[in-house]
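First the structure, in the form of structure tokens, and then the observations on it.
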Amino acid sequence: MDPSWLFLAFLLVFTLSRGLFPNSYPGLTETTYFWMGILGMLGLFGSIVLHEFGHAWVAQRFGLPMRGITLFLFGGVAEMSEESPGPAAEFWMAIAGPTVSALILICCLTLSFLGKMHGWPVPFTGLFTYIAFMNGILIAFNLVPAFPLDGGRILRAALWQWKKSLPKATRIASTFGKWFGSLLIFMGIFNAIQGEVLGGIWWVLIGLFLRQSADASYKQILFQQHLEGKSLKQFVKTDVVTVPSNIDIRILVDEYFHQHYFKGYPVLENGELAGYIAIRQIRQFPTEEWTKHAVKEIMVPATPDNTISSQSDAMTALTQIQKTGLSTLMVVEGRHLVGLLSLKDLLRFLSMELELEDEGSGSATK
Ligand SMILES: [Zn+2]
């Protein structure tokens, strides 16, 4: 559960017990409104959780392990550890959430009608009506065909089935996602100018989130498609200039940085990899101190973060680069340096693959 949910809970209880419920059902006591606010908030949050459980349950039936469900500002995200096995699975997983919401809506609506018919206390019928209404909104919003919303996933499943290509389907569906995100941002700014600042900010946030996650999921698919299972070896630069660990910074600068123009060098000690030295580590020392410090003292030691086994595949490398924020990894076999892998080379390869794919889109076999 994201901490934003706690904030949202307060905000919701406040608006419900001070605004919505007193306006819709006048004549009740403050305490009653307060409890209605609490129960309304729990009802809405419970509805979102059940919606996500719907996704998770179907995913599990298709053999996709769920890593978890994150509940945050605008609802929930069911985290699948891998992509769906096919368009059918994707469709059923996507539709499961809105189906659960529809069931809750029907139940609450029925209860609210029964309550009104049989004269149940107003707070009960009021709560059921509210929860039914909110589930209606949840369904409507989630069914907008904007990836990664549920509707966008359904669209992607249909396109996947039709085009027989997950990357293409994702590209189209996530384009809708970005458009819808932009629309929400625009609406939010418009609302804010009209004086509804809080509501406006809300829409802008949701829009930004949608745009960003549509873009990220598309990129992730492309990366996976092209890098998974691909050997690292073809990306590794093996003619690497290395630096011995015992020279001082003066020599390092004169004989390496001024000679080879690389921004960083692996450091070797007795033929084994010891660390990495880049301009950033040198800059902290004034020029006159350069002869006083050896490379060994100031280098970044080799760790599992900045090294990767030559046996890994390219997707593992990219994931590590994304996680650590490093632009270069040292490729090793045991403690022996094999070469360097740079994000730039991976991206250059990817952009070329994508251009080739566009050229050959008429005869795609995937
Ligand atoms: Zn959903």
Fill in the blank from the handout: Picking from 267, 240, 236, 253, the residue that is among the aliphatic types (A, V, I, L, M) and either surrounded by fewer than 12 Cβ atoms within 10 Å (Cβ to Cβ) or within 33 Å of the chain's Cα centre (by Cα) (or both) would be 236
Practice task
From 84, 101, grab the single residue that is over 22 Å from residue 19 (Cα atoms) and assigned to a loop (DSSP other than H, G, I, E, B).
Solution key: 84
Completion exercise
Residue pairs within 8 Å by beta carbon, gap of at least six or interchain, first lying in the range 292-316 and at positive phi, second at pLDDT below 90, listed first then second, are none
Practice task
Those residues that are modelled with pLDDT under 85 and either under 23 Å from the mean Cα position of the chain (by Cα) or of a type in the set (A, V, I, L, M, F, W, C) (or both), I need them from the range 21-56; list them, please.
Solution key: 28
Practice task
Those residues that are closer than 27 Å to residue 223 by Cα, within 16 Å of the ligand (Cβ to nearest atom) and at pLDDT 70 or above, I need them from the range 72-118; list them, please.
Solution key: 84, 89, 90, 91, 92, 93, 94, 95
Fill in the blank from the handout: The correct count of residues that are crowded, with 16+ Cβ neighbours inside 10 Å and over 16 Å from residue 142 (Cβ atoms) in the range 176-202 is 8
Fill in the blank from the handout: Those residues of the range 148-167 which are within 12 Å of the ligand (Cβ to nearest atom) and either assigned to a loop (DSSP other than H, G, I, E, B) or within 30 Å of residue 356 (Cα to Cα) (or both) amount to 148, 149, 152, 153, 154
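The values are calculated or read from the model by the stated rules, or taken from the named source; none is laboratory data. On a predicted model such as this, the values are computed, not experimentally measured, just so you know. Reconstructed Cβ throughout: ideal geometry from the backbone, glycine too, with neighbour counts over all protein chains shown.
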